[in-house]
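The structure under discussion appears below in the form of structure tokens.
Every number here is computed from the coordinates shown, using simple stated rules; none is lab data. Note that the structure is a prediction, hence the values are computed from the model and not measured. Note that each Cβ is placed from the backbone with ideal geometry, even for glycine, and that neighbours are counted across all protein chains shown.
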Amino acid sequence: MSGPQAQVAARIPGAAVLGLVPRTGAPAVPADRLTDPAWLGPVLAARAARGGGDLRVHATVWWYSASAVLMAPVLAGLAVGRPLSARPADTTVVLGPGGLPVAAVSAAAAGDPAAELRECLTAVIPAVATAGRMRPRPLWAIATDSLANGLLTLGRALGDVPAVTALAAPLAEAVGPPLPVPRYVDVDGVRFTARVSCCLVDRLPGGGTCLSCPRRPPAERQILLEDAALRG
């Protein structure tokens, strides 16, 4: 990989694990494909056919992973002070099994990261909603949690969680509605994302409920977060 993202990835420990360094020879498509319901529809339908369950559930779970990958370059660039474009026209997405994005590469520096991220989300989310036969609003909430989780993970990798996660709210506010403002919660000195969305993983066969699922009773969630903080 070369270009501006290579410079960003070089400054982030574990960049490959974070979806910033594509595997050599892996299949890749322009991110514009993710704005096309005609391309997304068969991908999501095939996942539903293989995994069983409702198409809407599979579309939601797919977007939970895909949004994190799609936003990885712009978030990483902001975290290290070298903004990268989030525009689909500037981005290539590397696909894993079942058409699931596993890495993304931005080919351009950002002029206005928030405006370009909004361009991306307003193009992709309606396409996913159409292909998944669902409302767009839950997908915007998932995008917020992917944004928050991405910056939290980058903060841990860079050794400065407070500074990197401080970028989350201003970025989301600059993107604007209907993207909710991301939130964090500190438990025993460890920061977690205060989720505003449900990824619906627990509605897949064999799926479990996420640690910080907003559908958990608050007291139960607090106990689980305290246990996770203790384990480090």
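A few points about this structure:
- Relative contact order (%) - region 85-232, alpha-carbon pairs under 8 angstrom, separation at least six: 16 percent
- Option label - Rg/Rh (Cα atoms, Kirkwood Rh) computed here, alternatives (i) 0.95; (ii) 0.99; (iii) 1.05: (i)
- Annotation for ALA49 and THR24: the two label points, set 7 Å from Cα along the Cα-Cβ direction, are 3.5 nm apart.
- Segment LEU230-ALA163, extension gain: residue separation times 0.36 nm, minus the distance between their alpha carbons: 21.9 nm
- Helical contribution to [θ] at 222 nm, DSSP H n ≥ 4, -39,500 (n - 2.57), averaged over the chain, rounded to 500: -16000 deg cm²/dmol
- Projecting the Cα atoms of GLN7, TRP39, LEU84 onto the charge dipole of the chain (Cβ charges, centred on the Cα centre) puts TRP39 farthest toward the positive pole.
- Dipole of the chain [Lys/Arg +1, Asp/Glu -1 at C-beta], most positive-end residue of VAL175, ALA28, LEU230: ALA28
- Assigned charges on the beta-carbon of Lys, Arg, Asp, Glu; the chain dipole about Cα centre (debye): 460 debye
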